[in-house]
Amino acid sequence: MSQLHALVAYVPESHAEEVLAAIGDAGAGRLGNYSHCAFTTPGTGRFTPLPGAEPFIGTRGVPEQVAEVRIECIVEEETLDDVIRALRAAHPYEEPAFMSWPVNRHR
């Protein structure tokens, strides 16, 4: 049985479906006979682009608030790198906010 990882990413609402499709196509959210399984929650992303940033949304030095979606899914360890590459490729931000960690399976 493969080690599972939880993956959480924050995406502007305008790109949530694109990112969900990309990470699902790369192997995220596989549960038994199902694919593309995820849980999403709306929220507000807050950030200030620093000097040198090339923000997709906002202006350097100005605090920004953006309607975003929190995407949560599981990923098998052997596909985690592919899923993260797909996430980065589909995400519009130059520095996507995401995190992952190993999770236990209980049967």
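Once the Cα atoms are used to define both axes, helix 16-25 deviates from the longest principal axis of the chain by about 30 degrees. Since only 103, 59, 48 are under comparison, the one whose Cα sits farthest along the positive direction of the charge dipole of segment 8-107, derived from C-beta charges on Lys, Arg, Asp and Glu, is 103.
How much FRET efficiency would the formula 1/(1 + (r/R0)^6) give for residue 50 and residue 101, where r is the Cβ-Cβ distance and R0 is 22 Å, rounded to 0.05? Result of the calculation: an efficiency of 0.25.
Applying 1/(1 + (r/R0)^6) with r as the Cβ-Cβ distance of residue 81 and residue 6 and R0 = 22 angstrom yields a FRET efficiency of 0.90. Here residue 67 and residue 35 are evaluated by their C-beta separation; at R0 = 30 Å the FRET efficiency comes out at 0.65. Full extension of the chain between residue 89 and residue 60 gives 8.2 nm of extra length, using 0.36 nm per residue less the Cα-Cα distance.
Coordinate-derived values only; no laboratory data. As the structure is a prediction and not an experimental result, all values here were calculated from the model. FYI the Cβ positions are ideal-geometry reconstructions off the backbone, even for glycines, and counts take in every protein chain you see.
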